[in-house]
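Notes to accompany the following structure.
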Amino acid sequence: MTAIDDPYDLVVHAESAFIDGAFRAATIAVRDGLIAAIEPLGPAGVEARSEVTLAPGERLIPGLVDTHVHVNEPGRTEWEGFASATRAAAAGGVTTIVDMPLNSIPPTIDPAALAIKRASAAPQAVVDVGFWGGAVPGNLGTLRELHDAGVFGFKCFLAPSGVDEFPHLDHAGLLAALRELAEFDGLLIVHAEDPSVLTAHENDGGPSYPRFVDSRPPEAELVAIRGVIDGIRETGGRAHILHLSSAAALPLIAEAKAEGLRLTAETCPHYLTLDAEHIPDGATEFKCCPPIRDEGNRDRLWHGLLDGVIDLIVSDHSPATAELKLGFDGDFGRAWGGIAGLQLGLANVWTEAARRDIGLESVLGWMAQAPAEFAGLSGKGRIALGADADIAAFAPDTRFTVVPSALAHKNPVSAFAGARLRGVVTSTWLRGVPISGEPRGRLLAR
């Protein structure tokens with residue numbers, strides 16, 4: 001790399017940088033927000049406005065892409081919000097998020113609501129933000145309008161969502177949504193639990209965690225996913241299974257992929273790192289839907305990732321106030337269901353992956369490259385010439401203990417409180433500029 005008349009904006013020297021699926025020593029140069037050069041590690045002194053040499057033990061990684069984040073603003077900003085959510089993302093090495101259409105008010109189910117959401121995010125976001133639309137009974141037949149307005153796809157629930165303003169689709173509605181989206185190759189992302197199975201297993205709640213898991217059995221996911229697969233086959237559409245919890249569904253997904261159906265699936269850090277055997281009764285900070293299942297199920301989810309049946313790992317960051325999470329005397333039937341884990345995703349997954357002798361290369365594939373490809377963000381999730389210079393310095397061997405009050409999340413509630421994790425993000429850059437409190441994030445469109 002030689003000095004030129006027009007200096008680079010940033011040069012980063014790294015003894016270990018993740019490039020083309022592997023780590024190697026490299027010097028990365030940035031100009032106009034893009035990666036302009038990748039060279040063998042060279043001496044300091046390249047002409048640049050800013051020059052950084054990573055410390056020994058730090059690795060240069062691409063910014064992560066998290067396509068499953070509930071920011072909740074406007075309408076439920078006391079639960080989270082774009083300022084706190086995007087700062088938490090940056091602290092965890094995430095440089096791009098895609099926001100879910102609920103639990104904001106209004107939900108993102110028409111172009112006017114999308115405009116409100118974008119206006120809320122624009123003056124606050126410190127990382128780049130995209131948006132999912134919603135598919136609900138009342139907006140079927142008009143999804144093309146939201147698609148043309150720039151949403152990345154459409155989320156639906158097959159069982160009640162937990163908020164009245166975002167009703168679920170029945171089977172006829174699922175088929176109608178898939179058929180409508182197939183006309184313009186839109187993507188349907190699905191919360192796949194079957195309401196009839198949930199009704200059959202409904203109980204009166206209480207503090208017992210096993211009793212809560214019994215109320216949302218694997219069968220609920222199996223029946224719903226089978227319905228999604230049948231719908232894809234019938235309509236020629238494409239769909240994505242959100243937050244896969246039950247490993248029992250892996251053969252169904254594998255068979256659908258082998259058949260050539262356009263189906264993808266994700267899972268989440270809490271399903272990969274926690275297990276039902278270690279969740280105490282009354283610990284409603286662990287409540288999420290579908291639920292965290294047993295240790296054997298967790299092991300099979302890891303195998304699903306390694307086998308390529310599960311495509312990506314995203315947070316499903318779904319926070320709420322401490323009152324909603326913890327204010328019901330440990331009653332799992334009444335507490336809000338959702339895990340706040342945006343800032344901790346990389347450390348959680350890397351800690352467990354390392355324990356299983358799975359390399360950081362695989363983790364970054366699942367949490368950076370694969371989500372970027374899933375969302376069609378070709379300039380994200382990788383360190384490559386011409387890509388956005390969204391990068392982070394990561395110290396994979398540094399350990400820390402999770403203290404909820406020290407996290408950037410708005411509410412200091414965490415299922416990971418007290419966990420001893422491995423891996424610290426020491427710096428994060430968005431398009432080559434260090435992320436600070438300044439709202440430099442862009443609003444992305446499909």
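Details
- Put simply, of Arg422, Arg442, Arg382 the only residue that is touching a residue at least 24 places away in the same chain (Cβ under 8 Å), surrounded by 23 or more Cβ atoms within 10 Å (Cβ to Cβ) and of a type in the set (D, E, K, R) is Arg382.
- Scan of the stretch 310-349 for residues that are over 22 Å from Val127 (Cα atoms), open to solvent by 20 Å² or more (accessible area, probe 1.4 Å) and touching a helix residue (DSSP H, G or I) at 6+ places or on another chain (Cβ under 8 Å), ordered by number: Asp311, Leu326, Phe328, Asp331, Gly333, Trp336
- In this entry, Pro137 passes the filter for residues that are surrounded by fewer than 18 Cβ atoms within 10 Å (Cβ to Cβ), of a type outside the set (Phe, Trp, Tyr), more than 18 Å from Leu242 (Cβ to Cβ) and at pLDDT 95 or above.
Yes or no, residue by residue, for (1) open to solvent by 10 Å² or more (accessible area, probe 1.4 Å); (2) on the phi < 0 side of the Ramachandran plot:
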| position | (1), (2) |
| --- | --- |
| Phe152 | yes, yes |
| Leu158 | yes, yes |
| Glu165 | yes, yes |
| Ala177 | no, yes |
| Gly186 | no, yes |
| Gly205 | yes, no |
| Val213 | yes, yes |
| Gly227 | yes, yes |
| Ala256 | no, yes |
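- Inter-residue pairs, beta-carbon under 6 Å, first over 11 Å from Leu306 (Cα atoms) and in the stretch 355-377, second open to solvent by 50 Å² or more (accessible area, probe 1.4 Å) and modelled with pLDDT of 95 or more, 6+ apart: Gln369/Arg382
- Any hit, the stretch 325-338, residues being in a helix (DSSP H, G or I) and either among the small types (Gly, Ala, Ser) or under 29 Å from Arg211 (Cα atoms) (or both): yes
- Residue check: Ile310 meets all listed conditions (1) under 20 Å from Ala248 (Cβ atoms); (2) part of a helix (DSSP H, G or I); (3) of a type outside the set (Asp, Glu) but one, namely (2).
- Here Ala91 fits the description: in contact (Cβ under 8 Å) with a residue 40 or more places away in the chain, within 17 Å of the chain's Cα centre (by Cα), more than 24 Å from Ser161 (Cα to Cα) and surrounded by fewer than 24 Cβ atoms within 10 Å (Cβ to Cβ).
The values are calculated or read from the model by the stated rules, or taken from the named source; none is laboratory data. Not measured: the values here are computed from a predicted model. Neighbour counts are summed over all protein chains in view; Cβ atoms, including those assigned to glycine, are modelled from backbone coordinates with ideal geometry. In case anyone asks, the SASA skips ligands and DNA or RNA and just uses the protein heavy atoms, side chains included. Shrake-Rupley method; radii C 1.70, N 1.55, O 1.52, S 1.80 Å.
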